[in-house]
Amino acid sequence: MAPSTVFMEPDNLLTPKEKNKLRKPVVEKMRRDRINSSIEQLKLLLEKEFQRHQPNSKLEKADILEMTVSYLKQQSQLQMKTAGSFHKSSQFDFREGYSRCLQEAFHFLSLHKVRTETQTRLLSHFQKSQTAASEVALSPGNPSTLKQASPKDASTLWRPW
């Protein structure tokens, strides 16, 4: 076979189909390079985790991806557990603080021998609130267990103004 020479035609002489044929391998190589680069970055980021599971072994790309998915699932579950316990402890802290505040106010108002009508109504309101707060503290934090205020209750609510 005789040696052949490749003659490149100018771009304006190539049809769109021919341009795509020339461009496709270049675009595909760029795509593969991006994938390989990202997998290598994952390997570097999670290197300690990989060493713990498979020390002294050459990891294939599929292994790196599988272990990354497993690690992310594990971290997600851990984060959900932590967030759940934080939410429960903050609800408990709020209830405890509210109850303590009611106790302090009740104690302060009951120290005085002379009671005005306002003071008596306020003490009565605090007693009701304290009972409701202790019921809420004993319930499992379910929003459906909280009593909804009705318009009738709003008219009996004591207000200082």
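Some notes on this structure:
- The range 52-68: number of residues that are within 16 Å of residue 39 (Cβ to Cβ) and not in a loop (DSSP other than H, G, I, E, B): 8
- Selected residue (only one of 90, 99 is more than 30 Å from residue 37 (Cα to Cα), open to solvent by less than 50 Å² (accessible area, probe 1.4 Å), modelled with pLDDT of 65 or more and over 26 Å from the mean Cα position of the chain (by Cα)): 99
The values are calculated or read from the model by the stated rules, or taken from the named source; none is laboratory data. Not measured: the values here are computed from a predicted model. Quick reminder, even Gly has a Cβ in these numbers, built from the backbone with ideal geometry, and neighbours come from all protein chains shown. Surface accessibility is based on the protein's heavy atoms, side chains included, excluding ligands, DNA and RNA. Shrake-Rupley method; radii C 1.70, N 1.55, O 1.52, S 1.80 Å.
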